[in-house]
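Below: one structure, written as structure tokens.
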Amino acid sequence: MAKGRTAAGIAGVGSLVSGVATDLIVGKMLEDDESLPEHEREARNNARVAGRVASMAGGIAGTVAATMVGGAGVIAIGVAAPAVLGIGIGLGSYHLLKANQE
């Protein structure tokens, strides 16, 4: 049980850092620009929100997995999950939303 708690602590802190970095990256890539058309601004805003939600969900899932399984591999997954999901879902939803509005 201590192994799972240690792994969860490491994955939790790592996923927090990864999630914050991911939110900054997605936010910068899809930042608001008042000179863009309204549909483009809306797609960017919705994609930023989707990226934040996915990043948070990845961090929670990774931390839970580290708690249950333990080990270095699961810790790595827990730390990487917020970035992979946040960037993937954020950019994917942006392109999907943008294509549906055109």
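The values are calculated or read from the model by the stated rules, or taken from the named source; none is laboratory data. As the structure is a prediction and not an experimental result, all values here were calculated from the model. When we count neighbours, we look across all protein chains shown, and the Cβ atoms used for this are built from the backbone with ideal geometry, even at glycine. Accessible surface is based on the protein model in full, side chains and every heavy atom, while ligands, DNA and RNA are left aside. Shrake-Rupley method; radii C 1.70, N 1.55, O 1.52, S 1.80 Å.
A few points about this structure:
- Region 59-102, subset open to solvent by less than 40 Å² (accessible area, probe 1.4 Å) and not small (Gly, Ala, Ser), residue farthest from Gly19 (Cα to Cα): Tyr94
- Condition check for Thr22: at pLDDT below 85 and of a type in the set (Ser, Thr, Tyr): no
Matching residues to (1) open to solvent by less than 60 Å² (accessible area, probe 1.4 Å); (2) touching a residue at least 12 places away in the same chain (Cβ under 8 Å); (3) not in a loop (DSSP other than H, G, I, E, B):
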position: Ala7; (1), (2), (3): yes, yes, yes
position: Gly14; (1), (2), (3): yes, yes, yes
position: Gly19; (1), (2), (3): yes, yes, yes
position: Lys28; (1), (2), (3): no, no, yes
position: Ala43; (1), (2), (3): yes, yes, yes
position: Arg48; (1), (2), (3): yes, yes, yes
position: Met56; (1), (2), (3): no, yes, yes
